[in-house]
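Note sheet for the following structure.
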Amino acid sequence: MRDTETVSTDRIETDLIEIETTIGRLRAVQARLLGEVDRRQIPSADACRSLGEWIASRLDVAPETARALTCITRSSNEVNEALANGSVSFDRAVELARLAVVSPHDDLVETSRAWDIAGLRRRIAHHRRITPTQEHDAFTNRHLVMQPNLDESAWRLWGSLPGYEGAIVDKALTERADRFPPLPDGTRPTISQRHADALVALCNDSTTGAESGRGPTVTIFVDATQATATNGQTGVSVESGPRVGPRALQAILCEGTIEMTATTEDGRILGIGNRTAVIPQRIRRYVLYRDQRCTADGCTSRYRLQPHHLDWRASGADNDPNNLTTLCWYHHHVVIHGLGYRIDPDTPPQRRRFLKPHNNDPP
């Protein structure tokens, strides 16, 4: 084994290619042996439902690797020979075997060199037939599941959509996600995180209007004993819904209209507040008029502009306009209440910058 620090970049690349070629040749040997396993019907004798299941079990590989090996085992001689002599990689051979099924033609190996692996997959998808039965199955199997964890502090979403409908949803989420700017430190959330933010934004638009900065009416139940003892980390929940922590409570106290009920640990009611706007409308209108836009430095977004409390109300601060600044939905919901950034108090009122949260910051 050579010391990699003294090896040239070209030598490293050459070695990596040689290793991949060797892997392909060994896979070709495996395919020949697996062909004999298949011919002798060994999987059935070992109580396996398929060759792929037998491969996954006996070779201790992932199901997708077992499917790839099965595909190579049953592929044409042209593909197997190309893999054995090192002219194609294992992954390319797998895609060639699949392409040969949906679009058989001569000189498959040479023709395929015009595309990378992703391009081959697109070719396969282009030639694969979609029958009315498959379309019907895809539509009838459509579903979306939302499942909270045990304490309802987070939700998991999963489901399935037909191809066309899925493309509509993907386009809507991607277009909304692309409007979100980078984080204050210059990084960007992952595409899946931005898609999650986009889904929340679209749902907000459907319930309160795309131009509205106000959140929905929320009823909050507070266990006074627990909430006081834990600084809001326990004892706070919303009507017919999840428990919330201090960051979510801060967001609620910045937006919309609330009705708060305080109880004791044994369920006795201490008080029920009137349903009131957290920030009175006349103050909200004045702050939005004063700031005109999102006050985050460099931000030009006017999407769902919302007043934000510089000092949290639970700390004793009030709705004085000097304690409020206007932020767009992204900087308010994602940057501050989601990721825990704080507004730098030393920055100008119309050029607010943010302080990155630290692990030892209070929640």
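The values are calculated or read from the model by the stated rules, or taken from the named source; none is laboratory data. Since this is a predicted model, take the numbers as computed values, not measurements. Here the Cβ is made from the backbone with ideal geometry for all residues, glycine too, and neighbour counts use every protein chain on show. Remember, those area values only see protein heavy atoms, side chains included, never the ligands or the DNA or RNA. Shrake-Rupley method; radii C 1.70, N 1.55, O 1.52, S 1.80 Å.
Points to keep in mind about this one:
- Gain on full stretching of the segment that runs from Thr14 to Ala47 - 0.36 nm per residue minus C-alpha separation: 7.5 nm
- The range 147-189: C-alpha gyration tensor shape, a/c 1.5 cut-off, then a/b vs b/c: oblate
- Fraction of accessible area attributable to carbon and sulfur, the range 1-120 (%, probe 1.4 Å): 51 percent
- The range 94-178: trypsin sites (Lys or Arg not before Pro) falling in loop per DSSP and having at most 13 other Cβ within 10 Å: Arg113, Arg128, Arg129, Arg142
- For Ser192 and Ile117, a Förster radius of 25 Å and the Cβ-Cβ distance give a FRET efficiency of 0.65, rounded to the nearest 0.05.
- Summing charges over all other residues whose Cβ lies under 12 Å from the Cβ of Gly298, with Lys and Arg as +1 and Asp and Glu as -1, gives +3.
- Hypothetical label at Ser57: residues of the range 27-48 whose amide nitrogen lies under 19 Å (7 Å Cα-Cβ projection): 34-48
- Counted charge near Val94, where neighbours are those whose Cβ lies closer than 11 Å (Asp, Glu -1; Lys, Arg +1): +2
- The label point for Glu64 and the one for Ser160, both projected 7 Å from the Cα toward the Cβ, are 1.8 nm apart.
- The per residue volume of the convex hull around the alpha-carbon atoms of the range 1-131 is 144 Å³.
- Efficiency of FRET between Arg32 and Glu135 - r from beta-carbon atoms, R0 35 angstrom, step 0.05: 0.35
- Counting only heavy atoms of the protein chains and using a 1.4 Å probe, Val334 has close to 10 Å² of accessible surface.
- Counted charge near Ser57, where neighbours are those whose Cβ lies closer than 11 Å (Asp, Glu -1; Lys, Arg +1): -1
- Percent accessible area from carbon and sulfur atoms, the range 284-355, protein chains only, probe 1.4 Å: 50 percent
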